[in-house]
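Everything below concerns the one structure shown next.
The values are calculated or read from the model by the stated rules, or taken from the named source; none is laboratory data. The model shown is predicted, which means the values in this text are computed figures rather than measured ones. Ideal geometry is used to build each Cβ from the backbone, glycine not excepted, and the neighbour counts take in all protein chains shown. Note: areas computed on protein heavy atoms with side chains; ligands, DNA, RNA excluded. Shrake-Rupley method; radii C 1.70, N 1.55, O 1.52, S 1.80 Å.
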Amino acid sequence: VARGGSFRLRSADARGAQVPLLGLLESNNPVVRERALTAVGPLLDARAADALIQLLGDDVERVRTQAAAHLGALRVRAAVPHLLRLLDERPSPLLRENVLFALGQTGDPRATPRLLQLLLDSDPNVQSYAADALATLQDPASEGPLLRLAQGAPGQRVRRTERGAALGALGGVR
């Protein structure tokens with residue numbers, strides 16, 4: 001993907017360009033895969049779902065991160081089991097944040113149990129992203145745990161920002 005070419009593709013509303021670019025996502029060269037994802041991002045639609053799900057298993061974390069973000073933007077419910085599995089691999093904070101965001105964007109309540117577990121994670125940023133994802137999902141099952149997080153349940157060390165995220169999430173759930 002040429003540097004100038006990717007800009008022209010993004011600036012054009014050429015959905016037909018998605019198909020040839022999707023072929024580049026299978027390249028053996030990780031730089032090509034990453035640049036193809038960047039170029040095709042604004043053009044993606046449901047036809048890209050399978051290719052993006054495949055890329056969640058890529059060796060290059062930047063590729064997995066972009067794939068997760070695109071799957072969330074496309075609200076691909078079929079990606080939920082794959083995104084949840086990716087969380088089990090203890091990815092970097094950036095990849096984890098993108099996976100949590102994508103889980104919320106899918107609108108799929110199958111993500112709720114895992115997101116509820118992550119409200120108790122030792123990383124306050126994970127707690128915050130999990131609360132945001134739950135707010136986006138608006139699953140009534142998350143109301144009680146979010147309320148406990150917002151109130152600072154006994155024995156739970158939660159920063160003020162995570163309480164704020166939980167309170168904001170409650171606004172979306174109620």
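Quick one: in the range 22-38, which of the residues that are farther than 12 Å from His70 by Cβ and hydrophobic (A, V, I, L, M, F, W, C) is surrounded by the fewest Cβ atoms within 10 Å (Cβ to Cβ)? Applying the filter and picking the extreme gives Val31.
Residue pairs whose Cβ atoms lie under 6 Å apart, separated by 6 or more positions or on different chains, with the first residue in the range 117-130 and farther than 13 Å from Arg148 by Cα and the second of a type outside the set (Gly, Ala, Ser) and outside any helix (DSSP H, G or I), are Pro124/Arg159; Ala130/Leu119. Restricting attention to the range 116-138 and to residues that are over 13 Å from the mean Cα position of the chain (by Cα) and open to solvent by less than 30 Å² (accessible area, probe 1.4 Å), the residue that is farthest from Leu95 (Cα to Cα) turns out to be Ala135. Kindly check whether there is at least one residue in the range 87-103 that is touching an Asp or Glu at 6+ places or on another chain (Cβ under 7 Å) and either part of a helix (DSSP H, G or I) or open to solvent by 50 Å² or more (accessible area, probe 1.4 Å) (or both). There is at least one residue in the range 87-103 that is touching an Asp or Glu at 6+ places or on another chain (Cβ under 7 Å) and either part of a helix (DSSP H, G or I) or open to solvent by 50 Å² or more (accessible area, probe 1.4 Å) (or both). Filtering Ala166, Ala141 for residues that are open to solvent by 20 Å² or more (accessible area, probe 1.4 Å), assigned to a helix (DSSP H, G or I) and either among the polar types (S, T, N, Q) or modelled with pLDDT of 55 or more (or both) leaves a single hit, Ala141. Of all the criteria given as (1) in a helix (DSSP H, G or I); (2) touching a helix residue (DSSP H, G or I) at 6+ places or on another chain (Cβ under 7 Å); (3) at pLDDT 90 or above, the one not satisfied by Ala36 is (3). Just one of the listed residues (Ala78, Ala73, Ala48) is open to solvent by less than 50 Å² (accessible area, probe 1.4 Å), touching a residue at least 12 places away in the same chain (Cβ under 8 Å) and assigned to a helix (DSSP H, G or I), and it is Ala48.
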